[in-house]
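The values are calculated or read from the model by the stated rules, or taken from the named source; none is laboratory data. Everything quoted here is computed from the prediction, not taken from an experiment. Neighbour counts are summed over all protein chains in view; Cβ atoms, including those assigned to glycine, are modelled from backbone coordinates with ideal geometry. The protein model used for the area step is the full one, side chains on, heavy atoms only, and it has no ligands, DNA or RNA in it. Shrake-Rupley method; radii C 1.70, N 1.55, O 1.52, S 1.80 Å.
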Amino acid sequence: MHWHRFILLFSTLAGASGILIAAAGAHMPGIDQAGRELIERAALYQLIHAAMLFSMAQHYRPGMRFAAFFFMAGICCFCGGIFLRHLADIALPARIVPAGGISFALGWLMLPLGTRFR
């Protein structure tokens, strides 16, 4: 599979699951207000980065794959870590969520470098 197709597929799955998880977090019983706010924030970050990945897939250049990788890692680690903790009561290692946040930042920093390759 070509990178731009993989990025497109990942972005659409991340967008759809972000909406569904946000709705589940808002209506699931047993989640406290702090947990709901974290789920809402993680869903927002996931949706922002899903939209960015979708745009990157539409205007793909080979150098963008590094930024895309970091965005995907951020979605999996940051958002996924929060979702698993608060929706499934699965505690991942403590460094997973911060590593995801760093991945998001690295993705944004890599993005200008990726647009230079044609």
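For the residues A99, A42, the requirement of being open to solvent by 40 Å² or more (accessible area, probe 1.4 Å), under 26 Å from W3 (Cβ atoms), in contact with a Cys (Cβ under 8 Å, 6 or more places away or on another chain) and not basic (K, R) singles out A99. Pairing residues of segment 64-76 that are in contact (Cβ under 8 Å) with a residue 24 or more places away in the chain with residues that are of a type in the set (S, T, Y), at Cβ distances under 8 Å and at least 6 apart in sequence or on separate chains, gives M64/T115; F70/S103; F71/S103; A73/S103; G74/Y45; G74/S103; I75/Y45. For segment 1-16, a residue qualifies if it is open to solvent by 40 Å² or more (accessible area, probe 1.4 Å) and under 14 Å from the mean Cα position of the chain (by Cα), and the qualifying residues are L8, L9, F10, T12, L13, A16. Screening segment 72-95 for residues that are open to solvent by 50 Å² or more (accessible area, probe 1.4 Å) and not in a loop (DSSP other than H, G, I, E, B) and picking the one that is farthest from I31 (Cα to Cα) gives C76.
When you scan segment 53-64, how many residues do you find that are surrounded by fewer than 18 Cβ atoms within 10 Å (Cβ to Cβ) and touching a helix residue (DSSP H, G or I) at 6+ places or on another chain (Cβ under 7 Å)? Residues meeting the conditions: 3.
Please go through segment 20-39 and pick out each residue that is surrounded by 14 or more Cβ atoms within 10 Å (Cβ to Cβ) and assigned to a helix (DSSP H, G or I). I21, A22, A24, G25, G35, R36, L38, I39 - these are the residues of segment 20-39 that are surrounded by 14 or more Cβ atoms within 10 Å (Cβ to Cβ) and assigned to a helix (DSSP H, G or I). When F104 is tested against the conditions (1) open to solvent by 60 Å² or more (accessible area, probe 1.4 Å); (2) closer than 28 Å to H2 by Cβ; (3) not charged (D, E, K, R), the lone failure is (1). The set of residues in segment 96-116 that are β-branched (V, I, T) and either in a helix (DSSP H, G or I) or within 17 Å of G15 (Cα to Cα) (or both) comprises I96, V97, I102.
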